[in-house]
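*Asks:* The structure follows.
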Amino acid sequence: MIVLTVSVSLFVPPLQAGMQLDIVGKFQDADLELDVATVFDSEVETSRSKVALLGIVTPSRPGIATPLRNSFSFRLDEWLSLIVLWTKAVKAQSDSWKFVGSMTETESSDVSHLSVGAGPGEKFVISSPRKGYAAYLLSRDDIAGFEKALHRVKDFLSR
């Protein structure tokens, strides 16, 4: 339930009464944003109370007044898989873009798909049946900060 609720309303207040959202990392490129966040829900059983989120916010467009927010939710095992995928992408950097790998979200009614690419930075694409897709290019300058956010979230999910 927590994953569904948070994925649908990523970073859009109000969250449910017992939920606490923490933005661990926020990266911006022009008018796009990549957010790394944790959510704790005190009103569910302990084993299901923590979730990590990766979200891409795209600006409003003609005819659409509010920004599009696409997200992907993770439990600890999936987050560890993201770190493995991220490590491969960092090692595969080059002047040209190439696909590194992908993941499929679990525990959600709007199952998102995350693809990661490597090139002169890292590319994240989150797609969902309801919201379409959103892409974010993380610059080489942001790699260290993103890696730090990955490990902070891993620590949060491991406690």
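The values are calculated or read from the model by the stated rules, or taken from the named source; none is laboratory data. Predicted, not measured: the structure shown is a model, and the values here were computed from it. Here the Cβ is made from the backbone with ideal geometry for all residues, glycine too, and neighbour counts use every protein chain on show. Note: accessible area is taken over every heavy atom of the protein model, side chains too, but ligands, DNA and RNA are not part of it. Shrake-Rupley method; radii C 1.70, N 1.55, O 1.52, S 1.80 Å.
*Asks:* Only residues that are within 20 Å of LEU82 (Cβ to Cβ) and modelled with pLDDT of 90 or more: list them for the range 1-28, please. Outline the logic, then answer.
*Replies:* Here is the first cut: in the range 1-28, the ones within 20 Å of LEU82 (Cβ to Cβ) are 2-4, 6-7, 10-11, 21-27.
Result: LEU21, ASP22, ILE23, VAL24, GLY25, LYS26, PHE27.
*Asks:* Let me ask another. What tally of residues in the range 91-106 results from selecting those that are under 17 Å from the mean Cα position of the chain (by Cα) and open to solvent by 50 Å² or more (accessible area, probe 1.4 Å)? Spell out the reasoning first.
*Replies:* Step one: filter the range 91-106 for residues under 17 Å from the mean Cα position of the chain (by Cα), giving 100-106.
From what's left, open to solvent by 50 Å² or more (accessible area, probe 1.4 Å): 102, 104, 106.
Summing the residues that are under 17 Å from the mean Cα position of the chain (by Cα) and open to solvent by 50 Å² or more (accessible area, probe 1.4 Å) in the range 91-106 gives 3.
*Asks:* Separate question: Quickly run through the range 61-80 and pick out the residues that are open to solvent by less than 60 Å² (accessible area, probe 1.4 Å), over 16 Å from ARG130 (Cβ atoms) and not aromatic (Phe, Trp, Tyr).
*Replies:* ARG75, LEU76, GLU78
*Asks:* Going by what's in this entry, would SER109 be described as touching a Ser or Thr at 6+ places or on another chain (Cβ under 9 Å), under 23 Å from LEU21 (Cβ atoms) and loosely packed, with under 13 Cβ neighbours inside 10 Å?
*Replies:* Values: touching a Ser or Thr at 6+ places or on another chain (Cβ under 9 Å): yes; under 23 Å from LEU21 (Cβ atoms): yes; loosely packed, with under 13 Cβ neighbours inside 10 Å: yes.
So SER109 fits the description; yes.
*Asks:* Moving to a separate point now. Hey, could you check the range 112-124 for residues that are of a type outside the set (D, E, K, R) and without any contact (Cβ under 8 Å) to a residue 60 or more places away in the chain and say which is surrounded by the fewest Cβ atoms within 10 Å (Cβ to Cβ)?
*Replies:* PRO120
*Asks:* Among the residues that make up the range 135-158, is at least one of them more than 17 Å from GLY25 (Cβ to Cβ), open to solvent by 60 Å² or more (accessible area, probe 1.4 Å) and under 14 Å from the mean Cα position of the chain (by Cα)? Steps first, answer last, please.
*Replies:* From the range 135-158, those more than 17 Å from GLY25 (Cβ to Cβ) are 135, 158; that's our starting set.
Filter again for open to solvent by 60 Å² or more (accessible area, probe 1.4 Å), leaving 158.
Those left that are additionally under 14 Å from the mean Cα position of the chain (by Cα): none.
No, every residue in the range 135-158 fails to be more than 17 Å from GLY25 (Cβ to Cβ), open to solvent by 60 Å² or more (accessible area, probe 1.4 Å) and under 14 Å from the mean Cα position of the chain (by Cα).
*Asks:* While we're on this one: Would you point out which residue out of LYS88, LYS98, LYS131, LYS123 is at pLDDT below 95 and among the basic types (Lys, Arg)? Outline the logic, then answer.
*Replies:* Numbers: LYS88 fails: at pLDDT below 95; LYS98 fails: at pLDDT below 95; LYS123 fails: at pLDDT below 95.
Only one candidate qualifies: LYS131.
*Asks:* Determine the pairs where a residue that is closer than 14 Å to ARG140 by Cα, located within the range 80-94, has a partner that is open to solvent by 20 Å² or more (accessible area, probe 1.4 Å) with Cβ atoms under 6 Å apart, the partner being 6 or more residues away or on another chain.
*Replies:* Within 6 Å, the pairs are ALA89/VAL100; ALA92/VAL100.
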